[in-house]
Amino acid sequence: MKELLAQIRACTICQNELPHGVNPVVAAHPESKIAIIGQAPGRLVHASGIPWDDKSGENLRNWMGISEAEFYNTSKVAILPMGFCYPGTGKSGDLPPRPECAPQWHDKLWQHMPNIKLTLLIGQYAQKYYLKNKLKKSLTESVKCYREYLPDHFVLPHPSPRNNIWRAKNRWFETEVLPVLQEKVRQVLNP
């Protein structure tokens, strides 16, 4: 695993496509029990090199009901974005993750993490890649039907503050989905 993580952190596959340069961000361990598959690092994470080191990460930890120490303990939680580097900003937020990363690295990482019991698929890019034709017509529908993807996958919207409007329109997410997510996370981390 150490060698693989070093290879990922040294990756330059798409350096010519990244306006801010390469800085692959990943966290994994052979003992990881939960995998978080998100979109790609944002500007702040690109600068710090620490996954989910922003308001979105704070929201995600709250959703999961775990501490920062638990979240960053790689023997508990692995973090594998769809794109390992910050893709830059577009007209309405960050650009999509680079398409090269997940096909290049995810399968190799999974081979080194046999103890994953739950994978959080955050946002449409992760859900499309991993669930393929099992997805519903919209992210909202997929999240409403989250039980269909259990026990292996838990689908979630992105925890970005930009999604506060979505959360305000979909109050059921906080009252119905998050308690189940927190229960599942506790079951996996504290069997």
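Considering (1) of a type in the set (Lys, Arg); (2) touching a Leu at 6+ places or on another chain (Cβ under 9 Å); (3) over 22 Å from residue 186 (Cβ atoms), the lone condition that residue 76 does not fulfil carries the number (3). Screening 63, 52 for residues that are within 30 Å of residue 179 (Cβ to Cβ), of a type in the set (Phe, Trp, Tyr), assigned to a loop (DSSP other than H, G, I, E, B) and open to solvent by less than 50 Å² (accessible area, probe 1.4 Å) leaves exactly one candidate, 52.
For every residue, the table says whether it meets (1) within 21 Å of residue 93 (Cα to Cα); (2) in a loop (DSSP other than H, G, I, E, B).
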| position | (1), (2) |
| --- | --- |
| 143 | no, no |
| 151 | no, yes |
| 154 | no, no |
| 164 | yes, no |
| 175 | no, no |
| 178 | no, no |
| 185 | no, no |
| 191 | no, yes |
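With respect to residue 103, is the statement that it is surrounded by fewer than 18 Cβ atoms within 10 Å (Cβ to Cβ) and either more than 14 Å from the chain's Cα centre (by Cα) or in a helix (DSSP H, G or I) (or both) true? Yes.
The single condition among (1) out of contact with any strand residue (DSSP E or B) (no Cβ under 6 Å at 6 or more places or on another chain); (2) touching a residue at least 60 places away in the same chain (Cβ under 8 Å); (3) closer than 22 Å to residue 128 by Cα; (4) open to solvent by 30 Å² or more (accessible area, probe 1.4 Å) that residue 112 does not satisfy is (3). Pairs meeting the criteria (first residue in region 2-24 and open to solvent by less than 70 Å² (accessible area, probe 1.4 Å), second residue charged (D, E, K, R), beta carbons under 7 Å, at least 6 apart or on different chains) are 4/108; 14/98; 14/100; 24/9. Contact annotation: residue pairs with Cβ atoms under 6 Å, 6 or more positions apart or on different chains, pairing a residue in region 39-66 that is free of Cβ contacts under 8 Å to residues at least 40 places away in the same chain with a partner that is assigned to a loop (DSSP other than H, G, I, E, B) and charged (D, E, K, R), are 44/54.
The values are calculated or read from the model by the stated rules, or taken from the named source; none is laboratory data. Model, not experiment: these values are computed from the prediction. Reconstructed Cβ throughout: ideal geometry from the backbone, glycine too, with neighbour counts over all protein chains shown. Each accessible area value is taken on the protein alone, full model and side chains, heavy atoms only, with ligands, DNA and RNA left out. Shrake-Rupley method; radii C 1.70, N 1.55, O 1.52, S 1.80 Å.
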